[in-house]
Structures are given as structure tokens and as C-alpha cells.
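Notes follow the structure.
The values are calculated or read from the model by the stated rules, or taken from the named source; none is laboratory data. Small disclaimer: the values here were computed from a predicted structure and weren't measured. Counting neighbours? That spans all protein chains shown, and the Cβs are built from the backbone with ideal geometry, glycine included.
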Amino acid sequence: MGLLTLLVQIAVILFAARAIGWVFRRIQQPQVMGEMVAGILLGPSLLGWLAPDISASLFPPESLGALHALSQIGLLLFMFLVGLELDPALLRGRGRAALTTSHASIVLPFLLGAMLALYLYPRYSDASVPFAQFALFMGAAMSITAFPVLARILTERNLLSTKVGAVTIACAAVDDVTAWCILAGVLALVRTGAVGAELFMTLASSAIYVAAMIWGVRLALRKLEAYYARRGRITQNMVALVLLLMLASAWTTEWLGIHALFGAFLIGAVMPKEPGFVHDLSEKMEDVTVVLLLPLFFAYTGLRTRIGMLDEAALWLDCGLVILVAIGGKLGGSTAAARLSGLSWRESGALGILMNTRGLMELVILTIGLDLGVISPVVFVMMVLMALVTTFMTTPLLELVYPLRLIRQETLVTDEVARNEAVLIPVALPSFGPDLLAAARAILPEEGARFYALHLLRSEDRSIADTTEVKPFEQEALAPLLAAAAATGTQVRPLTFVSRSFGSDIAEVARAKRARFILLGWHKPVLGENALGGPVQDVMTLADADVIAYVARRDPQWSRVLVPFAEGRHDRAALELAARLAGRSQVTALHVVEPEHGNDEAVASERATVAAIGNGRLELKVVESDEPQAAMIAEARSGYDLIVIGASEEWGLEPRLFGSRHEDLAESTSASLMIVRRGDARQ
């Protein structure tokens, strides 16, 4: 029965974490924020309140031991990954702003937390917990910054390449190390019980252990890096060795009297920092840790969080006070220090908002405090709510103070020379690259045309605490396109960055680069969403440039091109595009009229339009039919190499892009296909 219960618990937790995490991503919040909330909702605060019988059967008290053990393993692995991703190079060359701000963002919150303890201690603690321990723990808990969550936000907003991002990540790294050192001292005091010889021995032995790890084990681990360089990959034996080292380090720090998590973090911090090694090792260990084990920790934390304990107005006022002190100390202190160090008010405010992120790291510290009895369950609930509030407020406040459009202006330099036309080529799959480039060169064959190849990375596909900009191996999707460009002597400028919203980012890059066209690869999704839905639809909706969704079935040496034409703005865009190909292809403009209702004047008008746009190089073919789509498909089957069609209502493609007509067209002919939508800036 125990195993069956555990399996059901894990399945429910995993489903809730992914589902609510998806919801939070949709509202521009980090995935981990949704997973934290999912854990709270599965506990007595919601599920236990709304459906106590279901909660009792799903999480009976006698079953929580296994859940707790798995969650602790997840925390050890997570802390190892945090240490692994913590690169000392982040601290180099960051200047006075990083040094000043990191100190202020630790000292002020610590002092305010200790002062808050004067108020909270007589109300929510007792003589079994010495005041010094309570005050020191509150100070340490107020000082923490969620390094992994902060790194993810910086990555998603492409702030790492800005001054604010560089200083913030350096400050967060210093904060992380400093806060854990302070916490280690507090835990040593709590476990020894008082200041004296035993405490001195604990701190001294811990210091010796840290020194041995930094100057001994770190150097010895270079052999592991060399072995990785020879093999070119992380082997299972290497993973086993790393796990054994992590467990040994965690056991040692637990035995010394601080905490096992500190040991896991420390061994990760002294691991080799060669980017390929860090990436491959993280990739081996992270998925199970982040997807499976961490949600178990959030759920276990949620089962111990009873928001219903705050059942009086005075308790909620005290909770509000905790949140205000946390925000004032971290956000206020960091902002003021950054401003004094020379950053602008906008940059300082953004830095303070980012440093105020508590997230998962706060929950880890609070769980330790609750387990050791340093804080009461009521204080635990207040601090958990503080962690949720300070993390949730980060993204909307940051958008208010430092909008994404300003970040794009800083990171995407607009080309000064815009006389020559440009095409932006977003590449999702590496195999699409060469075909897209060939089509782009056919559309803009003139000398001096600008070609941009863009590859966007999903934030969730990167390491949870990745603190660097895009690495070379993350740009491999552009390799086939760049190789094709080199073979043809085409100059292509590659762009790669992390994106949370593919559609809006593609449109923004095209705007910054003044692209005339956006050329998207078109492929049928595996499940659910149709080919012109999702990011393709987003780009077509948001872009100022003309958008082309292209499915390549033949080499772009098209001899016969068909352009269905019905006078709509998107049809005119398709006709203009096809006219660019008329120099080396026979282009036929197809106009469908109702039988016996063909208006000679209308046909004459169409002929004049085709002649004007095609400069006499396009042929107009008029077909009578009651069903324009069927007539167009019938004509498309008669030996054309390429069909260029406007995303218009006439052909079943506009305004409802979620229809299936475009898929019928693609499946009814063997020709290559371009669906064109006129950009909003070109009415």
C-alpha cells in the first residue's frame, strides 16, 4: 500500500506542478514560481480545506516519510547544480557597483531581519529557542536572493548582456555564497546550543573543510575535467563519481554540524567550470532533479504550510510587516547602493527588483529553520508568503521599471544602413536552414541585400541556473544555414538568444533590423496545433514586415510559379513577392470569377493590377468557378513548382488562421508553398 500511495502522490504532484507552471509561464512568471504555488495548493491551504477527505487519503501522515526523503535528495541535487553553475568569473571586472550593492543587499536585510525579530520573538516564539538564534536566523532568511530564479529571469529577458544584468548576476553570486556562509554559522550555533568551545570547534572544522575543498579537492578535480576533454562527453562512470563526491561532501558537512545542503553546494562550487563540462553534467542531472524531485519538495513544503493559521487580522498585519521589511531591506537597500555606485535610477531600480527575488532558496532556508525548531509554524507560513510575494512581484515590477522594449533597444542594435532590403530567417530546425536561405536569396537576389539568421532558445531548455549568454553549442541550429551561406558566398549575420515569446521576439528583431520580409519555415506539428497556429500566427499578427510561411518541397530553381490573386492586401503582397521571381521563373496570376457573372471591367482591373505590379512580366489567367479554393487547388496541380498565396479570406486563410484550408492546399499539391501576409506597417 505504501508504494502505491507514493506513486499516486508523485503522479499528482508532477501533474499539478507542470500544469500550474504552464499557467504561470503564460502570465510571464517563471515556471518554478508556478511549481511553488502548486505545492502550496496541494497542502491544507487549499486541497485540505476544500476536500479534506481527498487530501487525507492522498497524503496520509504515515506516508510522508518517503516523500520527505525523496524531496531531500532532490534538494541535495539542486544545491549541487546551483554550486556547479556558480562561476567565479562572474565576479571579475564587475566594478564598484557589484561590490557595493552585494554588501548592502546582505547587510541591510540582515539588520532589518534581526530588528524584526525583536517584535516577532515574544509573539511567535518561546524560551525553548534562544533569542540570538531566532534573530540570526531571521536576518539570514531576509538576506537570501534566489540565484537560480534570478538567473532564469535575466536569461529570459536577455539582460545578461546589459550592465544591469552583469552587475546583478555578480551581486547575486556574492549574496548566495555569503548568505549560505551566514546560515552555516547560524546552524552551527543552533546545533551546539550556545557560544563556547563546541561552537568554536564546529566553525573551525567547517572552515578547514571549506579550505580543503577550495585548495585541495578543486585542484584534484582538474583530472576529471581532463578526462572529460579526452572522452568528449560525460560518461556514466563520471556521473557516478560526481554523485559519490556530492554525497560524501553532504555527509561531511552534516557530520560537522552545519547542514548537508551546504556540502552539496560546496562540491558543486569547486567543480571544474569549463562550459562544455558544466553544460553536459547539468544536462545529465537536471531533468530528473527539476522535473521530478523539486516538485516533491514544493509539495512537502506545501503540506506543512497552513495559511489558515493566519486566522486573525493581527496575524495578517504581522505577515504584511514581514513582507514590507523584506522588500524594504532587499529592494530598497540594493537600489540605494546601486544608485550611489553610479548606476542610473532606472538601472538601480531594476537591480533592486531583481535582488528582491527570494524564490526556491528562501523555501530551502525556511524548511531548515522549521525542521530545527528555530521558527514556529506561524512564522514559517508568514515567511513562505513573503517568498511567494517577493518572487511574484519581480516580473511585473521589472517590466514597469525596465520595459522589455528598452532591453531590446540595448541588445538589438538597429542597423544604421537600411538602404538595402533585408530578410529575417528564423530557424527552428537545423534542417530547414539551407532551404530557407535559398528561398531568401531568390527573393532578394540583388547585391547588398541583408540576411539575418535567427535562432531562439526556449528558456526552459536551458539550465535552471545558467548565468551565461548563449554558448557556441546552443547556436548549432544555425550551422547548416551558415555552411550553405559560406558555400554560396552569401553574407549572413547570425542572431541567437533566449526567448519566452517566440512570436513577439521575432517581430521585434525584424523591427530592429528593419527587415522587409520574415521568412519562416513551415512544418506540421506532431499534435494539436495546426501549422499556421502558435508562433507562426503570432508573428503574422505582430510583425510590421511581410511574413512568409514557406514549405520547401523542391529546389528553389522554380520554373513555374502560381499566384492566386483576388485584390486583397495580402494577395497584393503575394503578387509583389512573386514578381521578384519573374526574372527567372514563369509566373502566372490566377483570378477566379463566378460562372456567367464575370465582369469584364473587373477582369480588366485585375489585368491592369497584375501588369502594374509585375511590370509586364506576369501572365494573368482567369478561371470561372463557384469555389475559389477548389479552382485554385485544381490549377495548382497542373505542374507548378511554387505556389505563392496571400493569407486572405478568399483562399480560406484569413481572418481565421486556425482553419485547415492551408493544410489542404499543402497536401493537395507537390509544389513548394509560400503563404504571405502583409505586415501591419505596409497597409
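Is it fair to say GLU254 is out of contact with any Cys (no Cβ under 7 Å at 6 or more places or on another chain), touching a residue at least 60 places away in the same chain (Cβ under 8 Å), at negative phi and surrounded by fewer than 19 Cβ atoms within 10 Å (Cβ to Cβ)?
In short, no.
Just to check your reading of the model, which residue among GLY333, GLY342, GLY320 is surrounded by fewer than 16 Cβ atoms within 10 Å (Cβ to Cβ), in a helix (DSSP H, G or I) and among the small types (Gly, Ala, Ser)?
Result: GLY320 is the single residue among GLY333, GLY342, GLY320 that is surrounded by fewer than 16 Cβ atoms within 10 Å (Cβ to Cβ), in a helix (DSSP H, G or I) and among the small types (Gly, Ala, Ser).
Looking at (1) in contact (Cβ under 8 Å) with a residue 40 or more places away in the chain; (2) in a helix (DSSP H, G or I), which is the only condition GLU198 fails?
(1)
Scanning for something closer than 29 Å to SER71 by Cβ and not charged (D, E, K, R), does the stretch 334-348 turn up at least one residue?
The answer is no; no qualifying residue exists.
So which residues in the stretch 304-317 are under 19 Å from PHE392 (Cα atoms) and in a helix (DSSP H, G or I)? Spell out how you get there, then give the answer.
Taking the stretch 304-317 first, the residues under 19 Å from PHE392 (Cα atoms) are 305, 307, 316.
Of everything in the stretch 304-317, those that are under 19 Å from PHE392 (Cα atoms) and in a helix (DSSP H, G or I) turn out to be ILE307, TRP316.
Considering the stretch 223-279 alone, what residues qualify as being within 16 Å of GLY83 (Cβ to Cβ), under 30 Å from the mean Cα position of the chain (by Cα) and not in a helix (DSSP H, G or I)?
VAL270, MET271, PRO272, LYS273, GLU274 - these are the residues of the stretch 223-279 that are within 16 Å of GLY83 (Cβ to Cβ), under 30 Å from the mean Cα position of the chain (by Cα) and not in a helix (DSSP H, G or I).
Would you check if TRP316 is modelled with pLDDT of 90 or more and in the same structural domain as PHE59 (by TED's automatic domain parsing)?
Judged against the criteria, TRP316 is a match.
Counting just the residues of the stretch 215-251 that are in contact with a helix residue (DSSP H, G or I) (Cβ under 6 Å, 6 or more places away or on another chain) and without any contact (Cβ under 8 Å) to a residue 40 or more places away in the chain, which one comes out nearest to GLY369 (Cα to Cα)?
SER249
When the residues of the stretch 31-47 are filtered to those that are free of Cβ contacts under 8 Å to residues at least 60 places away in the same chain and under 16 Å from ARG304 (Cβ atoms), which remaining residue is surrounded by the fewest Cβ atoms within 10 Å (Cβ to Cβ)?
Restricting to residues being free of Cβ contacts under 8 Å to residues at least 60 places away in the same chain and under 16 Å from ARG304 (Cβ atoms), the top hit is LEU46.
Anything in the stretch 109-142 that is of a type in the set (Gly, Ala, Ser) and either free of Cβ contacts under 8 Å to residues at least 40 places away in the same chain or assigned to a loop (DSSP other than H, G, I, E, B) (or both)? List them, or say none.
Restricting attention to the stretch 109-142, the residues satisfying the condition of being of a type in the set (Gly, Ala, Ser) are 113-114, 117, 125, 127-128, 132, 135, 139-141.
Scanning the stretch 109-142 gives ALA114, ALA117, SER125, ALA127, SER128, ALA135.
Give SER504, SER459 a once-over and let me know the one that is modelled with pLDDT under 70 and touching a helix residue (DSSP H, G or I) at 6+ places or on another chain (Cβ under 9 Å).
SER459
For residues in the stretch 143-155 being β-branched (Val, Ile, Thr) and assigned to a helix (DSSP H, G or I), which is nearest to ARG191 (Cα to Cα)? Reasoning before the result, please.
First, pick out the residues of the stretch 143-155 that are β-branched (Val, Ile, Thr): 144-145, 149, 153, 155.
Right, trim to assigned to a helix (DSSP H, G or I) and you get 149, 153, 155.
Numbers: VAL149: 30, ILE153: 36, THR155: 38 Å.
The qualifying residue nearest to ARG191 (Cα to Cα) is VAL149.
List the residue pairs whose Cβ atoms are under 8 Å apart, where the first residue sits in the stretch 281-301 and is in contact (Cβ under 8 Å) with a residue 24 or more places away in the chain, the second is of a type in the set (S, T, N, Q) and surrounded by fewer than 20 Cβ atoms within 10 Å (Cβ to Cβ), and the two are 6 or more positions apart or on different chains.
PHE297/GLN72
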